[in-house]
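The values are calculated or read from the model by the stated rules, or taken from the named source; none is laboratory data. From a predicted model like this one, the values you see are computed outputs, not experimental measurements. Note that we place each Cβ from the backbone using ideal geometry, even for glycine, and neighbour counts take in every protein chain shown.
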C-alpha cells in the first residue's frame, strides 16, 4: 500500500494514511463526482430544450384552425428558431465533453462486467463487489441519462413537425383555402435536434438497446481474449 500511494518513498503510517486518503479523495472527485456533475448540467440543458419544444407543440395543439394564421405560424417558427440556436450552443459546448464522458463510462462498464463474469465469486470480497456494483450503476446510469434525456430532443422535434403540419392541413380543410400561403415547406428545413458527441456518438433513445448489446459483445470479447 505504501509503495502504491507514496511513489516508492517510505513514510510512517500516519503520513501514508493521510496521503492515501488525499489521493483517493482527489480521484473520486474527478470520477465519478465531477463527471456526474457535468452529465447533470448537460441533461438539464437538454431537458430544458425539449421542454421548450414541447411547449410549442402544446401551443400549436391549443390553437384553432382559424387562429393558425400566417402571422401565428411565423411567430411559432421564430420561437422554434430561438430554441434551435440554444441547442446549437449546447452542442458546441458539450460535444467533446459528452464524447469523452461516454467513452469513460463505457470503458468502466466493460471493465466491471469483464471482472464479474470472468472471475469466480470466491475471488471477490464483499467490499470490492459492492464498489464495483456502485461504479457500474453509476456509469451505466450516466450513459442512459445522456441517451434518454438528450434523445428526447429529436423526438420532440419530430412531434413538432407533425403537429405543425397537421394544423396547417386542418386550417386548409376548415377554411377551404388550399392555395393560401403557409410555412409547410419550411418544415423540411427544420433541424432534427440530434445531439452528438463529436459526431461519433448520436444521442437517441433508439440507441439504448444497441448500447446494451455492444457492452455485452465487447465484454465477452475481452473474456475470450483473456
Selection from the stretch 128-151 of residues that are without any contact (Cβ under 8 Å) to a residue 12 or more places away in the chain and more than 21 Å from residue 107 (Cα to Cα):
none
Kindly establish whether residue 68 is in contact (Cβ under 8 Å) with a residue 60 or more places away in the chain, buried (at least 17 other Cβ atoms within 10 Å of the Cβ) and not in a helix (DSSP H, G or I).
yes
Note down all Cβ pairs under 7 Å where the first residue falls in the stretch 24-49 and is assigned by the TED database to the domain that holds residue 88 and modelled with pLDDT of 95 or more, the second is surrounded by 14 or more Cβ atoms within 10 Å (Cβ to Cβ) and outside any helix (DSSP H, G or I), and they're at least six residues apart or on different chains.
46/195
Residues of the stretch 50-65 that turn out to be in contact (Cβ under 8 Å) with a residue 12 or more places away in the chain, over 21 Å from residue 204 (Cβ atoms) and assigned to a helix (DSSP H, G or I), as a count:
3
Every residue from the stretch 57-92 that is farther than 22 Å from residue 188 by Cα and under 14 Å from the mean Cα position of the chain (by Cα):
90
Can you tell me which of (1) buried (at least 20 other Cβ atoms within 10 Å of the Cβ); (2) assigned to a helix (DSSP H, G or I); (3) at pLDDT below 95 is the one residue 143 doesn't meet?
(3)
Pull up the stretch 167-182, narrow it to residues that are within 30 Å of residue 88 (Cα to Cα) and crowded, with 16+ Cβ neighbours inside 10 Å, then point me to the one that is modelled with the highest pLDDT.
167
Only residues in the stretch 152-179 that are in the same structural domain as residue 62 (by the TED database) and within 15 Å of residue 77 (Cβ to Cβ) count as the first member; pair them with residues that are at pLDDT 85 or above and loosely packed, with under 13 Cβ neighbours inside 10 Å, Cβ under 7 angstrom, at least 6 apart or cross-chain, and list the lot.
157/192; 163/61
